[in-house]
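Sharing a structure with you now.
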Amino acid sequence: NYTFSTTSSILPDNLCNPPQITITTSTPKILISEVRIIEGTSTGEYIELYNPNDFDVNLTGWKLIRYNSEGTTSTIASYRAKASFKDITIKAFSYLLLAPSSNPIETEEDITQPDLIYAKSHDLTKNNKLQLIAPNNQLIDEFAWNEESGDKSYNRKKTASTTVENYFIDYTDFGNGYDTDN
């Protein structure tokens, strides 16, 4: 003969209904690290993007938008623009150079071939603004200037202590990646 007994228990709610798991992903930071404006001509002008992350970032779905002094926008680079970000990846701690022609770009550091060519109609002039927008329409970086006409080059700082005097000294591994979100 066998005798069986049974008991019942009420389980706590948290065992019957496990907590919701929320996975959050953050949009990686890509920075507008350098801009060169030569008003009146697009020759020699460029926009440089920098990836300060320790991982590669694919730019498919990203947009680089220019606002002129009247507030009119034009898309310099995106999935469908002449300069397409489709399947473009910026390696960790590396740069992507955009220019309105395939001519080599001469900077203070070297002579470089552009990675992407954008339309000459997007010529950068005084009182412009650039915005880098992620695929989720989040504003990632913005750069504006209102200088007089001429040949101007703007570089993002490498560290908080970067100055004009020490820009090319002791900061070779930092890139132009100092960002204050200001």
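The values are calculated or read from the model by the stated rules, or taken from the named source; none is laboratory data. Given the structure is predicted, the values throughout are model-derived calculations rather than measurements. In case anyone asks, the SASA skips ligands and DNA or RNA and just uses the protein heavy atoms, side chains included. Shrake-Rupley method; radii C 1.70, N 1.55, O 1.52, S 1.80 Å.
Just how much of S101 is accessible, in Å², when a 1.4 Å probe is used and the result is rounded to the nearest 10?
20 Å²
Compute, for K126, the solvent-accessible surface of its heavy atoms (probe 1.4 Å) with the complete set of protein chains present, and express it in square angstrom to the nearest 10.
It works out to around 80 Å².
Let me ask you something else. Relative to the present Cα-Cα distance, how much length would full extension add between S26 and D54 at 0.36 nm per residue of separation?
On the way: separation 28, 0.36 × 28 = 10.08 nm, distance 1.41 nm.
Difference between extended and current length: 8.7 nm.
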